[in-house]
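Everything below concerns the one structure shown next.
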Amino acid sequence: MPSVFSRVHRVPSKVASRRSFVGLSVLVGVGLPVLAGCDLPGISKDKSGTASSSGSTASRPATAGSAQAGSTQWQKLDGHVMGHKVSVEVSPVIRQDETSYIALKLTRASDDASVKEINISSYGGDDNKLKTDNYLGAPTTYGPGTGASWTKLLDLGSGRVWSAVDGSGAFLYLSPGEETTAYLSFGKVDTDSVTVMVPMAGFTTVSVLDANDAKKAGINLTTAKQELAKWPNAITKNTAPVAIERYTRALDDSTSTHAGGKDITVTLASDVTFASDSADLTSAADAQLKTVSAQLAQYPDGGALTIVGHTDDVQDDAYNQTLSEKRANAVKTRLEQLTSLDKWQTSVSGKGESEPKINDTSDQARAANRRVEITLTPTGGTTPKGSSSTATPTSSSGSGSGKLPDPQGPVAKGDEGVTLTTKSGDTSGEVTITLDHVTRSGGYLLGTVTCTVKDGSTGAQLHPLLQDPQTALSNQRDEDGSAVQTLLASDGLTLISNGERVFPADYLDAYNKQHLPLTELNLYDHLKGGTTTVCVLWPDPGGDTTTLDHPKGKYSPPDTAYRLTNIPIKNS
């Protein structure tokens, strides 16, 4: 019998309202997928060194890294889908006119444990069919979807992401030993190769080929189009790629930084920057503004600089407007003392209480609304001058070193892992979380985190160990109305470096009009055993090693904080 969650979660035709999902907040049981890899996380090579191609009887060699431009090779990922062993073979991208196609061949291991043995409350049933589409791209209140439609194409060199336009194989059900092929279509991919992120499987890089090379790559375009036509409702109408964006917060919550492809916005918490009900800068403000001046110095050619003050709604409109203007001008004056603004076209304004960050009157919301936003739009984009990467460093020093804050839970090296007990009602289980390395590519770090549930558990929840503990019904940016998208996400897997908490990279989703993290979105099942793969893409804070931290937060269940240290950063 399907669970309550699966009945609400799946949307067979028209997608339900995003806000209708809030009622599911009581169903907080999600899992952490396993990410394993070679040069790129998740890449595998079988004993014969080959990976067979979907749609073709031929097999071709698989590499332990990424395919070179022009290669017709498929790449194999050893994934684990909510406790089950599922390998994924990824085809090259085939470009025809304004549409690009990719095939994913999913194979469930013949010795995989039954659904009943692994999942206490799942999309599966006694028929032992693993419903992989529910984890890789089922239609939900997140948005329309089908098949493996949460698969993303990433151009890490330019910081762009393509979302699937359409998908085939609406019901990707697998018995042990069975295989199935899912096709996806995207907008035009204008690069020679892309990194593919397959949920609960990993990352791999494949080449982008023209249509006349489809046959060589084992792709039958006619079959692909026929399969896609069976499920004609578009996942998104936005065929163009969008920018991969970056979001970081200071460990003391005094600042947050949002970096996109064109601009960088640093938000200063007014409660730290100013004395109460005043435009006088505090002593702590200097540390904030020195960080901003260091970022300005990365762009010697200058650009546009806007400084905007905001207040809460406690006083009347006129008072708040004046205070916001005074605070914005105070920030400009101090920045001019710290660094030259000659190359920057600077504008200063106040918005008073007219543009709250959070539409609420709670103390927490009002504190978030009291802020000054500094936006840099550098001439030539956000790539620092002289940088080999298109990604903006997440901190002024760009170093992975620095004193770490005191841990809030167990600590271990990434490859050794931490073991925690996760509980809910009458279910509990031991979960071991590891991250043996991350891979640096184009200003980003690609990671596959492994979550293994001790056999015999009565039903371990994984999502409390992975989600952002600071937000209950919102995403990591506190965007209004975004509870639906990240309720079951692994967006709390942050890196800490130089006094900052680096969140998974995200992008502005065209359907939800909110930012979605580039990590797992649906970690629902309670597991009695097995391993799960969670893909995470982070902005690169620099250094040779990194630290993963899942902190305590306002909405943390007990004993869900932990830290993994000394995680090597390998170059792709």
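Which residues, counting only those in region 189-233, are among the small types (Gly, Ala, Ser) and part of a helix (DSSP H, G or I)?
Of all residues in region 189-233, those among the small types (Gly, Ala, Ser) come to 193, 201-202, 207, 211, 214, 217-218, 224, 229.
Of everything in region 189-233, those that are among the small types (Gly, Ala, Ser) and part of a helix (DSSP H, G or I) turn out to be ALA211, ALA224, ALA229.
Regarding LEU508, is this residue among the hydrophobic types (A, V, I, L, M, F, W, C), open to solvent by 10 Å² or more (accessible area, probe 1.4 Å) and closer than 18 Å to SER149 by Cα?
Values: among the hydrophobic types (A, V, I, L, M, F, W, C): yes; open to solvent by 10 Å² or more (accessible area, probe 1.4 Å): yes; closer than 18 Å to SER149 by Cα: yes.
So LEU508 passes the test.
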field: Within region 493-572, strands (runs of 3 or more DSSP E) holding 3 or more residues that are touching a residue at least 24 places away in the same chain (Cβ under 8 Å) and under 14 Å from the mean Cα position of the chain (by Cα)
entry: 506-509, 514-517, 530-539
task: Would you check if ALA211 is more than 30 Å from PRO407 (Cβ to Cβ), aliphatic (A, V, I, L, M) and either open to solvent by 50 Å² or more (accessible area, probe 1.4 Å) or at pLDDT below 95 (or both)?
output: no
- line: Checked against (1) within 29 Å of THR383 (Cα to Cα); (2) more than 29 Å from the chain's Cα centre (by Cα); (3) of a type outside the set (Ser, Thr, Tyr), GLN295 satisfies every condition except (2)
message: Tally up the residues in region 145-170 that are among the acidic types (Asp, Glu) and assigned to a loop (DSSP other than H, G, I, E, B), please.
response: 0
field: Subset of region 439-453 (residues that are at negative phi and open to solvent by 10 Å² or more (accessible area, probe 1.4 Å))
entry: ARG440, SER441, THR450, THR452
Among residues of region 186-197, those that are crowded, with 23+ Cβ neighbours inside 10 Å and among the polar types (S, T, N, Q), counted: 1
field: Hits in region 120-144 (condition: of a type outside the set (Val, Ile, Thr), in a strand (DSSP E or B), open to solvent by less than 10 Å² (accessible area, probe 1.4 Å) and modelled with pLDDT under 90)
entry: GLY143
field: Subset tally (residues that are closer than 20 Å to LYS403 by Cβ and either open to solvent by 90 Å² or more (accessible area, probe 1.4 Å) or modelled with pLDDT under 90 (or both)) for region 556-572
entry: 1
query: Do we have ASP252 as outside any strand (DSSP E or B) and more than 30 Å from VAL438 (Cβ to Cβ) here?
result: no
query: Which one is least open to solvent (accessible area, probe 1.4 Å) among residues in region 319-349 that are free of Cβ contacts under 8 Å to residues at least 24 places away in the same chain and part of a helix (DSSP H, G or I)?
result: THR333
query: (1) open to solvent by 20 Å² or more (accessible area, probe 1.4 Å); (2) not in a strand (DSSP E or B): which one isn't true of GLY352, the others all being true?
result: (1)
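Restricting attention to region 289-303, which residues are closer than 17 Å to ASP252 by Cβ and either open to solvent by 50 Å² or more (accessible area, probe 1.4 Å) or out of contact with any helix residue (DSSP H, G or I) (no Cβ under 6 Å at 6 or more places or on another chain) (or both)? Quick ask: steps written out before the conclusion?
Narrowing region 289-303 to residues closer than 17 Å to ASP252 by Cβ: 289-292.
Listed by number, the residues that qualify are LYS290, THR291, VAL292.
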message: I'd like to know if region 279-287 contains one or more residues that are within 19 Å of THR257 (Cβ to Cβ), open to solvent by 30 Å² or more (accessible area, probe 1.4 Å) and of a type in the set (D, E, K, R).
response: yes
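Within region 304-316, can you find the residues that are surrounded by fewer than 19 Cβ atoms within 10 Å (Cβ to Cβ) and either modelled with pLDDT of 95 or more or part of a strand (DSSP E or B) (or both)? Steps first, please.
Let us first name the residues in region 304-316 that are surrounded by fewer than 19 Cβ atoms within 10 Å (Cβ to Cβ), namely 304, 306, 313-316.
Within region 304-316, ALA304, THR306 qualify.
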Those residues of region 251-270 which are within 19 Å of the chain's Cα centre (by Cα) and more than 30 Å from TYR101 (Cβ to Cβ), in sequence order: SER256, THR257, HIS258, ALA259, ILE264
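Please state which one of ASP360, ASP436, ASP406, ASP415 is surrounded by fewer than 19 Cβ atoms within 10 Å (Cβ to Cβ), modelled with pLDDT of 90 or more and either among the acidic types (Asp, Glu) or assigned to a strand (DSSP E or B) (or both).
Details: ASP360 fails: modelled with pLDDT of 90 or more; ASP436 fails: surrounded by fewer than 19 Cβ atoms within 10 Å (Cβ to Cβ); ASP406 fails: modelled with pLDDT of 90 or more.
Criteria check complete, one pass: ASP415.
Count, please, the residues in region 363-382 that happen to be among the basic types (Lys, Arg) and either open to solvent by 30 Å² or more (accessible area, probe 1.4 Å) or more than 28 Å from ALA318 (Cα to Cα) (or both). Give the derivation first.
Taking region 363-382 as the starting set, the residues that turn out to be among the basic types (Lys, Arg) are 366, 370-371.
Restricting the remaining residues to those that are either open to solvent by 30 Å² or more (accessible area, probe 1.4 Å) or more than 28 Å from ALA318 (Cα to Cα) (or both) gives 366, 370.
Total meeting the criteria: 2.
The values are calculated or read from the model by the stated rules, or taken from the named source; none is laboratory data. Just so we're clear, the structure is a prediction, and the values are computed from it rather than from any experiment. Glycine gets a Cβ as well: all are built from the backbone with ideal geometry, and neighbour counts include every protein chain shown. To get the accessible areas, we keep the full protein, side chains included, count just its heavy atoms, and leave off ligands, DNA and RNA. Shrake-Rupley method; radii C 1.70, N 1.55, O 1.52, S 1.80 Å.
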